[in-house]
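Colleague: Sending over a structure as structure tokens; questions will come in a sec.
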Amino acid sequence: MSASCRRLTAGVRVPMVARQVLGASEISRLCGVRMNRRKGIVLRGRRLVVAEAEAMGRGGVRVRSDGGGEERVEKWSYGSEDRRRGDLVVVEEKEDVGCAGGGCEGDRRMKVVIAAAFTVVLGVGNRVLYKLALVPLKHYPFFLAQLATVGYVLVYFSILSLRYNAGIVTDEMLSLPKTPYVAVGLLEALGAATGMAAGAILSGASIPILSQSFLVWQLLLSAIFLGRRYKVNQLLGCFLVAIGVIITVASGSSAGASLKGAGIFWSLLMMVSFLFQAADTVLKERIFLKAAERLKGGSVDLFVVNSYGSAFQALFICLLLPFLSKLWGVPFSHLPNYLKDGAACFLNIGSLSSGCDGAPLLPLLFVVVNMGFNISLLHLLKISSAVVSCLASTFSVPIAVYMFTLPLPYLGVASSLPPAFVTGAIILLVGLMIYAWTPPSMDLNSSSSPSIH
């Protein structure tokens, strides 16, 4: 706004054609709106967009913005006078909100903090309810996985349809290239397949340790493909978070012996699984950034990304079914009967319903909370970064470990806390605070401004 006012008031003669659009008093009033500013006060005013005009006959003109933006055609009614190329013309007025004293940055940070807290809560619920859902479906975990996959597609596209009819999702969003969504679906399917293969061999105590490679992959891939540069305090914070989770979850367990006994191949395969998952989240962040360019500053609705990504994931999961069913101990020829028996246990009907207490409520609760967790995780990624969403998800791990020490229904005897739980939790919290801390002398955006080419 101030730049536009200076252009109109300090040394640049306002052309006659601009005077015809806005009178001298109106120009003076608009430019004077923001002349009296005090630090820390946010003022709202109208912004004049000044452009260079090129005559296109009566009633029309082609304009180009000062910043060298794309040309566009504006309709004008100016009688018989033609515009001349090189005239400065007031093209439009826009509502402009100033952000003095870092107010907007503070609002953005608060939104990220609230979204992260919500993601952590849902992440804890997701882990606890998955354990509870496997109580009635303990013999049908593969059925539960496929139920969630199919449920994603049906629910996400139903919500997408409602948002489209409400005008939230536009045709421009739906017309974005689908190739990135195919890549998202492929990465998610490969991550699931390799994770299942390695998880069938590795012990439960060793997987949380290997899962910390996810954060490392996030940092590397964000730096390579998004051009992010992280400060020392952020790298140190991520390192402490990973160490804190390892100490919290694996202390007092036989994780080290398990890793050694399983062999290096399966440990590397699990790390490759987390590489696919990290690449998936970084690709989604890139989709949001590229969509903002294509939509000229707009943002693609997250349900567009979720819906198409889940659809292609389901497609690739179907192609991998012979391999995946074998990993779960179900021969492919027996898969139809297995799914039928799993459905009977899920619905808690028929002769197979014995031992399925808690169905279908617990599995449905897991599927619903899991969807909410995925949506909140993608929303957090959209407004912050893949690394921040990863940290929020990681923070839910020790809280879930603590939740299992409580007398939860259907789980029987509660677990005991690992010996170094408190120590690991403190290290994790310190890591998060170090990551979030930004020295006053540093630019708030210097470490998180991606350069997409």
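The values are calculated or read from the model by the stated rules, or taken from the named source; none is laboratory data. Since we're looking at a predicted model, the values are computed, not measured. Every residue, glycine as well, gets a Cβ built from its backbone with ideal geometry; the counts of neighbours run over all protein chains shown.
Colleague: Taking TYR402, is it in contact with an Asp or Glu (Cβ under 8 Å, 6 or more places away or on another chain), of a type outside the set (Gly, Ala, Ser) and more than 10 Å from ASN126 (Cβ to Cβ)? Let's see the steps before the verdict.
Modeller: On the way: in contact with an Asp or Glu (Cβ under 8 Å, 6 or more places away or on another chain): no; of a type outside the set (Gly, Ala, Ser): yes; more than 10 Å from ASN126 (Cβ to Cβ): yes.
No, not satisfied.
Colleague: I would also like to ask the following. Just wondering, is there one or more residues in the stretch 126-137 that are in a loop (DSSP other than H, G, I, E, B), free of Cβ contacts under 8 Å to residues at least 40 places away in the same chain and surrounded by fewer than 21 Cβ atoms within 10 Å (Cβ to Cβ)? Walk me through how you get there before you give the answer.
Modeller: Narrowing the stretch 126-137 to residues in a loop (DSSP other than H, G, I, E, B): 134-137.
Next cut, free of Cβ contacts under 8 Å to residues at least 40 places away in the same chain only: 134.
Still in the running and surrounded by fewer than 21 Cβ atoms within 10 Å (Cβ to Cβ): 134.
There is at least one residue in the stretch 126-137 that is in a loop (DSSP other than H, G, I, E, B), free of Cβ contacts under 8 Å to residues at least 40 places away in the same chain and surrounded by fewer than 21 Cβ atoms within 10 Å (Cβ to Cβ).
Colleague: Further question: What do you reckon, is GLY309 in contact (Cβ under 8 Å) with a residue 60 or more places away in the chain and either part of a loop (DSSP other than H, G, I, E, B) or in the same structural domain as MET173 (by TED's automatic domain parsing) (or both)?
Modeller: On the way: in contact (Cβ under 8 Å) with a residue 60 or more places away in the chain: yes; either part of a loop (DSSP other than H, G, I, E, B) or in the same structural domain as MET173 (by TED's automatic domain parsing) (or both): yes.
Spelling it out, GLY309 is indeed in contact (Cβ under 8 Å) with a residue 60 or more places away in the chain and either part of a loop (DSSP other than H, G, I, E, B) or in the same structural domain as MET173 (by TED's automatic domain parsing) (or both).
Colleague: Something else now. Quick one: would you say VAL430 is over 15 Å from the mean Cα position of the chain (by Cα) and within 20 Å of ASN306 (Cβ to Cβ)? Spell out the reasoning first.
Modeller: On the way: over 15 Å from the mean Cα position of the chain (by Cα): yes; within 20 Å of ASN306 (Cβ to Cβ): no.
It is false that VAL430 is over 15 Å from the mean Cα position of the chain (by Cα) and within 20 Å of ASN306 (Cβ to Cβ).
Colleague: Name the one entry in LEU219, LEU190 that is in a helix (DSSP H, G or I), more than 16 Å from VAL397 (Cβ to Cβ) and touching a Leu at 6+ places or on another chain (Cβ under 8 Å).
Modeller: Going through LEU219, LEU190 in turn, the sole match is LEU219.
Colleague: Of LEU129, LEU160, which residue is modelled with pLDDT of 95 or more and either over 26 Å from LEU380 (Cβ atoms) or not acidic (Asp, Glu) (or both)? First the steps, then the outcome.
Modeller: Details: LEU129 fails: modelled with pLDDT of 95 or more.
Being modelled with pLDDT of 95 or more and either over 26 Å from LEU380 (Cβ atoms) or not acidic (Asp, Glu) (or both) holds for just one of LEU129, LEU160, which is LEU160.
Colleague: Hey, among VAL112, VAL169, VAL121, which residue is modelled with pLDDT of 90 or more and not in a helix (DSSP H, G or I)?
Modeller: On the way: VAL112 fails: not in a helix (DSSP H, G or I); VAL121 fails: not in a helix (DSSP H, G or I).
Result of the check over VAL112, VAL169, VAL121: VAL169.
Colleague: If you don't mind, another one. State which residue is surrounded by the most Cβ atoms within 10 Å (Cβ to Cβ) when the search covers only the stretch 220-248 and only residues that are among the polar types (S, T, N, Q) and over 13 Å from ALA386 (Cα atoms). Lay out the reasoning, then the answer.
Modeller: Pass one, the stretch 220-248, residues among the polar types (S, T, N, Q): 222, 233-234, 248.
Next, only the ones that are over 13 Å from ALA386 (Cα atoms) stay: 233-234, 248.
On the way: ASN233: 17, GLN234: 21, THR248: 25.
Per the stated criteria, the residue is THR248.
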